[in-house]
Amino acid sequence: MPAETHVERGPLDRQQVLELIRERLADILEIGPETINEGSSFTEDLDADSLALIELVEALEEELGERSVGFRINDEDLEDLKTVGDAVDYVVARLAQAS
Amino acid sequence: MLPIAVDAMGGDNAPREIVEGAKLAVEELDVPVVLVGQPEALGDAGGLEVIPASEVIGMRDDPAQGVRRKKDSSLVRAAEAVRDGKAAAMVSAGNTGATMGAALLRMGRLKGVQRPAIATPIPVPGQTPTVLLDAGANAECTPTYLLQFAQMGAAFATARYGIKDPKVALLSIGEEETKGTTLVKETRGLLAGAGLNFVGNVEGRDLMSDAADVVVTDGFTGNVALKTLEGSLKFLVSAVFNAMNSSEEAKSVSGVLLDALSPVAAELDPDATGGAMLLGVEGVCIISHGSSSARAIVNAVRVAGEMVDGQLVDRLRGAVAAG
């Protein structure tokens, strides 16, 4: 689902970023969004492997790149993102830099 | 039919053997083929269309990072050709993980499939092969992954070998339901109630028998089993040849033995299987082994064409949705 169909155009706040990541991750992992929270560990709680994380990264870049030109997630930073909350913080910071 | 996209840069013998195989496939099978790779490296492409790709994902490259960083690689461009409707299927003898990554990230995952799996045909002389999956895509698995592998494996066995209601088994260390890891025990219960023709647990020694048409396991165990079989067969072939040359008396009858053994050897030849199939993505993707010869590529193209005609992807979609 394109971002503009479920959120209004304009800067995304932290909660909207969390919802976006939760939706995309649920779709990729074929699990219910309600099972994903900020404290969820990608590997230990969600069984997300490296390819699943790359799927998430590409989905976020595609959606958020339309809103913030130049939005990109550095592959080198992925190792530091252990939980969903880490990813939310990271994306919020990158959006702020890109805008 | 749209052409089969062949990754000309993937494999130990690329691009020479791959290009030769692609040319032979067009001649022998009357199946259209498009090569994907660096045009200047391909040599005589025999007039085949080439989708240019400037980069190559090497055998030692990290699969996920390779796909992400090398966007103009032959693997990524081949997967995009399928996604964009320029090719009907893709074939690669390159980096297995990267092939899976390119197919997953560019073609997309089948809706409902938690994890794609690699299905490898294990030759069984005189019988249809046993489909082993997962042969290495997912080292860590859950019971629901294995259930989906069973559903997809059964659909593949029907599409590929025409087996109606294939016998599905779970790889374990004994037939008894009390044996095996927690994963095996939990999966057994799921498979028994899934509406499949589940015949219970089998052991590694049953892979090359008619005990089952589809054998399900996690990717770590499946890959160990596959490589153990490959190594054992390689050793056995070498030992037989050494024995036939061990004395003048043995040499004198080796011609007769070779005639008798040739058909068996042909059935066990990995180049004859058509390669492994990635199940669970939105397209037909064949992963040929790294040392593929031109003949292996011909067979892979043949199987790819058959699986497109046989609507493999729709069958897999239906099998998972029904489960």
How much net charge surrounds B:Met107 when only the other residues with a Cβ under 9 Å from the Cβ of B:Met107 are counted, with Lys and Arg +1 and Asp and Glu -1?
+1
Computed on alpha carbon atoms, what radius of gyration and Dmax characterise the protein assembly as shown, expressed in Å?
23.1, 86
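May I ask you to list the trypsin sites (Lys or Arg not before Pro) in the stretch B:91-174 that are in a DSSP loop and have at most 11 other Cβ atoms within 10 Å of their Cβ?
B:Lys111, B:Lys164
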So what is the calculated 222 nm ellipticity per residue for chain B, using -39500 (n - 2.57) for each DSSP H run with n of 4 or more, over all residues, to the nearest 500 deg cm²/dmol?
-14000 deg cm²/dmol
Students often forget the sequence filter, so: which aspartates and glutamates lie under 15 Å Cα-Cα from B:Lys185 once same-chain residues fewer than 8 apart are removed?
B:Glu175, B:Glu176, B:Glu177, B:Glu203, B:Asp218
Quick one: grab the alpha carbon gyration tensor of chain B, order the square roots of its eigenvalues as a ≥ b ≥ c, and give me rounded if a/c is under 1.5, else prolate or oblate depending on whether a/b is larger than b/c.
oblate
Calculate one ³J(HN,Hα) per residue across the stretch B:247-261 by plugging θ = phi - 60° into the Karplus curve 6.51 cos²θ - 1.76 cosθ + 1.60, and present them in order as whole Hz with x for glycine and proline.
7, 4, 5, 5, 4, 5, 10, 5, x, 5, 5, 4, 4, 6, 7
Any idea how far apart B:Ser252 and B:Arg205 come out in nm if each label point goes 7 Å out from Cα toward Cβ?
3.7 nm
Nonlocal amide H pairs with B:Val284, under 5 Å, H built at 1.01 Å
B:Met90
At 0.36 nm per residue, and after removing the present C-alpha to C-alpha distance, how many nm does the segment from A:Glu19 to A:Ser68 gain when stretched out fully?
15.9 nm
One point scatterer per Cα, no solvent, Debye formula: log10 I(q)/I(0) for the stretch B:25-182 at q = 0.21 Å⁻¹ comes out as -1.39
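Expected output is a single nm value to one decimal: the length gained when fully extending between B:Glu177 and B:Ala321, i.e. 0.36 nm times separation in residues minus the C-alpha distance. What is it? The partial results should precede the final answer.
On the way: separation 144, 0.36 × 144 = 51.84 nm, distance 2.74 nm.
Once the chain is fully extended between B:Glu177 and B:Ala321, it gains 49.1 nm.
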Chain B, relative contact order in percent, only Cα pairs under 8 angstrom and at least six apart counted
24 percent
In whole Hz and in residue order, list the ³J(HN,Hα) couplings for the stretch B:147-159 that follow from phi through the Karplus curve 6.51 cos²θ - 1.76 cosθ + 1.60, θ = phi - 60°; x for Gly and Pro.
4, 5, 4, 5, 5, 5, x, 5, 5, 5, 4, 5, 5
Under the 7 Å Cα-to-Cβ spin-label approximation, B:Leu261 and B:Met1 lie apart by a distance in nanometres of 3.6 nm
Going by Cα centres, the stretch B:276-300 and the stretch B:178-227 are how many Å apart?
24 Å
Can you quote the Å³ per residue value for the convex hull of the Cα atoms in the stretch B:182-323, rounded to an integer?
152 Å³
Anchor B:Lys251: lysines whose Cα lies under 30 Å away (excluding residues fewer than 8 positions away in-chain):
B:Lys234
Charge dipole of chain B built from unit charges on the beta carbon (Lys, Arg +1; Asp, Glu -1), centred at mean Cα; most positive-end Cα among B:Gly318, B:Phe156, B:Gln38 is B:Gly318
Where the accessible area of the protein assembly as shown is counted over protein heavy atoms with a 1.4 Å probe, how much of it, in %, is carbon and sulfur?
52 percent
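The values are calculated or read from the model by the stated rules, or taken from the named source; none is laboratory data. In this text, all values refer to a predicted model and were calculated from it rather than measured experimentally. FYI the Cβ positions are ideal-geometry reconstructions off the backbone, even for glycines, and counts take in every protein chain you see. Areas reflect the complete protein model, heavy atoms only, side chains present, ligands, DNA and RNA absent. Shrake-Rupley method; radii C 1.70, N 1.55, O 1.52, S 1.80 Å.
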